[in-house]
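Chemist: Attaching a single structure in structure tokens format; questions to follow.
The values are calculated or read from the model by the stated rules, or taken from the named source; none is laboratory data. It should be emphasised that the depicted structure is a prediction, and the values quoted were computed from it without experimental measurement. Glycine gets a Cβ as well: all are built from the backbone with ideal geometry, and neighbour counts include every protein chain shown. The accessibility values were calculated without ligands, DNA or RNA, using every heavy atom of the protein model including side chains. Shrake-Rupley method; radii C 1.70, N 1.55, O 1.52, S 1.80 Å.
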Amino acid sequence: MQELNKYEYAVVRYVPRVEREEFINVGLAMMCKRRRWIKVAISLPEGKLCAICPGTDKDILARQLQAFIDIAEGRRNGGPVAQYPVEERFRWISAVKSSVIQTSRPHPGVCEDLEATFSRLFAELVL
């Protein structure tokens, strides 16, 4: 049996009109501090975007969401936050925000395979 990994995840949400508190799940952020592992994936559901906010500029939204991936992957264009340890990057990504891109509260979990768990959660919560 493989060793169990404690992880945290948060769902990335697009909130086109903050005052209405409606959102679309557009991504997932997950982190395992002990393994120094972090991953973010994004998927923009065309149909849901058109239904909830038809005027959304998908290119601008995609660029804004790419920043979460750049930070998670530690890329230079992710700015100074991208150089932080994985747990601090995850905390920045999952921090409470009042902007159009927000995340759920972080949720804990335990698994053997981080990649497989990420894929399952992404499919269940985002796709």
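Chemist: For helix 114-125, report the angle its Cα long axis makes with the longest principal axis of the Cα atoms of the chain; keep it between 0 and 90° and round to the nearest 10°.
Modeler: 30
Chemist: Ordering Val110, Val18 by accessible area with a probe of 1.4 Å, largest first, what comes out?
Modeler: From most accessible down to least: Val110, Val18.
Chemist: What number does region 1-89 give for Rg over Rh if you use C-alpha atoms and the Kirkwood radius?
Modeler: Taking Rh as the inverse mean 1/r over Cα pairs, Rg/Rh reads 1.05.
Chemist: Out of the GluC sites (Glu not before Pro) in region 1-86, which ones are loop residues according to DSSP with at most 16 other C-beta atoms within 10 Å?
Modeler: Those that pass, being in a loop and sparsely packed, are Glu3, Glu21, Glu22, Glu73.
Chemist: Taking the Cα atoms of region 2-46, what is the range of coordinates along each of the three principal axes, in descending order and whole Å?
Modeler: That gives 43, 21, 15 Å along the principal axes, largest extent first.
Chemist: Over region 54-127, what is the relative contact order in percent, taking alpha-carbon pairs closer than 8 angstrom and at least six residues apart?
Modeler: It comes to 14 percent, rounded to a whole number.
Chemist: Please report the carbon-and-sulfur percent of the accessible area for the chain; probe 1.4 Å, protein heavy atoms only, DNA, RNA and ligands left out.
Modeler: 51
Chemist: While we're here: Please state, rounded to one decimal and in Å, the Kirkwood hydrodynamic radius that region 56-127 gives when every pair of distinct Cα atoms enters the mean of 1/r.
Modeler: It works out to 13.8 Å.
Chemist: Given an 8 Å cut-off on Cα distances and at least 6 residues of separation, report the relative contact order of region 19-85 as a percent.
Modeler: That works out to 23 percent.
Chemist: Kindly express, to the nearest 10 degrees and within the range 0 to 90, the angle between helix 58-72's C-alpha long axis and the longest C-alpha principal axis of the chain.
Modeler: That helix lies at roughly 20 degrees to the long axis.
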